[in-house]
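See below for the structure under consideration.
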Amino acid sequence: MKKSLFAMGMIVLAGSAMAQTAHPGAVGQHMMPHTVPADAQLKWMPSTVLPKGAEGAVLIGDPTKSGEIVIVRSKFPANYQAPAHTHPFTETITVISGSVGFGEDKIDKTIPMAKTGAVFLNPAGHAHTVWTGDEPAIIQVQYIGPGGIDFVNPADDPRKK
């Protein structure tokens, strides 16, 4: 386990170092130009898959397309809770603002909150929960589509209420 975590960390660091060598505005053979709007210009929409209060904005990609790189932001109000759920994709999560709690099969507020700048890798099919404290928070999620969500307890699925 420690070896795989170390290897994953080295891959992330190597990728980060390679990305820093490229000119930020350069359009190379493998780069497509794309401008992400400032936070104030994002088109936030109420989430259709998470409990009431969550909002989302797609920055890059089409979450319905298979094989497409997708980057979305999710905004959570203060004192928000999303029960245990899974995704069919591996996701990289970055805390953009605020503090967010990430647990596994249940919300456990004894776990320290992740602060702005924290990055997590969540494997496909791994159950997790999300919550906020006394302040709102924004996370950025990157994955390869298609998107999807399944709640561990089907009764928690807001689409069925």
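Couple of notes before you dig in:
- From Val152, Val70, residue being of a type in the set (A, V, I, L, M) and within 12 Å of the chain's Cα centre (by Cα): Val70
- Scanning the stretch 104-124 for residues that are in contact (Cβ under 8 Å) with a residue 24 or more places away in the chain and under 14 Å from the mean Cα position of the chain (by Cα) returns Ala118, Val119, Phe120, Leu121, Asn122, Pro123, Ala124.
- Some residue of the stretch 89-98 being among the acidic types (Asp, Glu) and more than 21 Å from Thr48 (Cβ to Cβ): no
- Criterion violated by Gly133 - all others in (1) in contact with a Gly (Cβ under 9 Å, 6 or more places away or on another chain); (2) over 27 Å from Ile69 (Cβ atoms); (3) loosely packed, with under 15 Cβ neighbours inside 10 Å satisfied: (3)
- Yes/no for Lys161 being modelled with pLDDT of 95 or more and of a type in the set (Lys, Arg): no
- Test: residue in the stretch 51-66 that is in contact with a Lys or Arg (Cβ under 8 Å, 6 or more places away or on another chain) and under 16 Å from Ala124 (Cα atoms): no
- Number of the condition not met by Ser99 [criteria: (1) free of Cβ contacts under 8 Å to residues at least 60 places away in the same chain; (2) over 14 Å from the mean Cα position of the chain (by Cα)]: (2)
- Residue list for the stretch 76-127, restricted to those being surrounded by 13 or more Cβ atoms within 10 Å (Cβ to Cβ), under 21 Å from Pro46 (Cβ atoms) and polar (S, T, N, Q): Gln81, Ser97
- Candidate set: the stretch 125-149, residues that are among the hydrophobic types (A, V, I, L, M, F, W, C) and within 17 Å of Val72 (Cβ to Cβ); chosen: the one nearest to the chain's Cα centre (by Cα): Val141
The values are calculated or read from the model by the stated rules, or taken from the named source; none is laboratory data. No experiment lies behind these values; they were computed from the predicted model shown. Virtual Cβ from ideal backbone geometry, glycine too; neighbours counted across all protein chains shown.
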